[in-house]
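Worksheet for the structure shown next.
The values are calculated or read from the model by the stated rules, or taken from the named source; none is laboratory data. Worth saying up front: this structure is predicted, and the values here are computed from it rather than measured. Counting neighbours? That spans all protein chains shown, and the Cβs are built from the backbone with ideal geometry, glycine included. Ligands, DNA and RNA are excluded from the accessible area calculation, which covers all protein heavy atoms including side chains. Shrake-Rupley method; radii C 1.70, N 1.55, O 1.52, S 1.80 Å.
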Amino acid sequence: MSTFMTGSAAVLGAPAKAAADMWIEDFNAQGGVDGVKLRQTWIDEGQGADKFLTEYRRLAQEPGEKAMLSAISSGYCGALAPVAEDLKVINILWECSSEKVLEGKKYRYVFRTGPNGTLEMVAAVLHLLQVKPDFKTLAVVNQDYAWGRDSWDLFRNTLLALKPDVKIVAEMFPKFGAPDFSAEVTRLQALRPDVVLSTAWGGDLDTFLRQASQRGLLKSSQFVLPLADSSLERLGSAVPPGVLVGFVGDGYFADPEFVNDPKARDFVKKFKEKTGAYPNFAVYHMVQALEALTGAYKKSLQANAGKWPTTEQLASTLRSLEYRGLSRPIRMREDGQAMQGQLYGVTQKRSDYPFPQVGELMFYPAELVAPPVGAISDAWVKTLRPDLVQSKLIQRVGK
């Protein structure tokens, strides 16, 4: 298993590790997989790509029954996927949103159990057009690496297909892990765009939003933050009401459709007691990856008359698996990509929480925002039509 345990990205990675350790402890206490307990070994993605891949190869080639749950970073997933395929080891991309990792490939052993950037960005554009359809100008501030660049390409091309009259006034890509965003904030103050997009996450997003908030930018422009779920609790009052927020899927501890669901409610309560924080999207993704992996073993065992499955049998089972983490059911497609809908909403101030909550929630089903099997997202999003915004598949949550 791998995640960021050091560096600025650890604000997202560390909660996911805590969730995995907690989930595995409970799963083993209940008997594991047919009496077989899980034993996790962690790799810190914060040590850099070369060391990460060296450690990944070493662990993947150790003797014994294993699966790899890696990685959180889109910058690493593209490199490790062909390695897993060559080594014939099951690898679940438990986070890693870059759609390019799987598109155009024919991997047998590599799966993504959560959404990819296409689902996330198409839903983000749809939600923006639902909430603020008449904006004229937009600027972007994204991290300068695979996810920041790829997500912007998807968002921009989707937006131009659905609203071709919008004017993009600035494209800014500060360095990943940048400690200061004063140049970007100053430029936004001068441009005064109607909308500011940032798909940044973790410590980078925290720093950017604090500096932007200090200068009032979050009130003068409509901010769209598809990954801000993981930052709201840390930022508190720095994020005002009215900011559009995504959940990189549909896992939200305050989702009215799941606050009384026993499985979700009990996990949130235990996680809060253990860590002092509410679960973010990385936590939800980690849980659904573990649910998919162990569910595939159980289904394979059943189909195999109780005999332990081979790697080939497990891969076949995963390719058509239906599973559920802590939110809505998910199904795996034949290309190894999970079909998971997207949840978006607007920040609100509530007296019962010391940080912003997200209300006016809208759910965008995967079949609405995902390209068909075999399609390339960059080309597919350009074919979308403006009437997609009025799709009857879009659901208001809690209504």
Given the conditions (1) open to solvent by less than 50 Å² (accessible area, probe 1.4 Å); (2) under 18 Å from the mean Cα position of the chain (by Cα), which single one is not true for PHE208?
(2)
Return a yes/no flag: does segment 110-127 have any residue that is open to solvent by 10 Å² or more (accessible area, probe 1.4 Å), at pLDDT 95 or above and farther than 14 Å from GLN340 by Cβ.
no
Looking at the structure I just gave you, is GLY203 open to solvent by 10 Å² or more (accessible area, probe 1.4 Å) and touching a residue at least 60 places away in the same chain (Cβ under 8 Å)?
yes
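Answer yes or no as to whether GLY306 is under 30 Å from THR207 (Cα atoms) and either in contact with a helix residue (DSSP H, G or I) (Cβ under 6 Å, 6 or more places away or on another chain) or open to solvent by 30 Å² or more (accessible area, probe 1.4 Å) (or both).
Numbers: under 30 Å from THR207 (Cα atoms): no; either in contact with a helix residue (DSSP H, G or I) (Cβ under 6 Å, 6 or more places away or on another chain) or open to solvent by 30 Å² or more (accessible area, probe 1.4 Å) (or both): yes.
It is false that GLY306 is under 30 Å from THR207 (Cα atoms) and either in contact with a helix residue (DSSP H, G or I) (Cβ under 6 Å, 6 or more places away or on another chain) or open to solvent by 30 Å² or more (accessible area, probe 1.4 Å) (or both).
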Among the residues of segment 74-109, what is the count of those that are open to solvent by 10 Å² or more (accessible area, probe 1.4 Å), part of a helix (DSSP H, G or I) and out of contact with any Lys or Arg (no Cβ under 9 Å at 6 or more places or on another chain)?
5
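Does segment 329-354 hold any residues that are in a loop (DSSP other than H, G, I, E, B) and open to solvent by less than 20 Å² (accessible area, probe 1.4 Å), and which are they? It would help to see each step written out before you state the result.
Quick first cut of segment 329-354, residues in a loop (DSSP other than H, G, I, E, B) only: 329, 333-336, 340-341, 349-354.
Passing the criteria: GLY336, GLN340, GLY341.
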GLY7: assigned to a helix (DSSP H, G or I) and either touching a residue at least 40 places away in the same chain (Cβ under 8 Å) or charged (D, E, K, R) (or both), yes or no?
no
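Does VAL369 satisfy the condition of being more than 29 Å from ALA277 (Cα to Cα) and open to solvent by less than 90 Å² (accessible area, probe 1.4 Å)?
On the way: more than 29 Å from ALA277 (Cα to Cα): yes; open to solvent by less than 90 Å² (accessible area, probe 1.4 Å): yes.
Considered against the rule, which asks whether it is more than 29 Å from ALA277 (Cα to Cα) and open to solvent by less than 90 Å² (accessible area, probe 1.4 Å), VAL369 comes out as yes.
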Name the pairs whose Cβ atoms lie under 6 Å apart, with the first residue in segment 155-171 and among the small types (Gly, Ala, Ser), the second buried (at least 18 other Cβ atoms within 10 Å of the Cβ) and at pLDDT 95 or above, and 6 or more positions between them or separate chains?
ALA161/LEU384; ALA170/ALA139
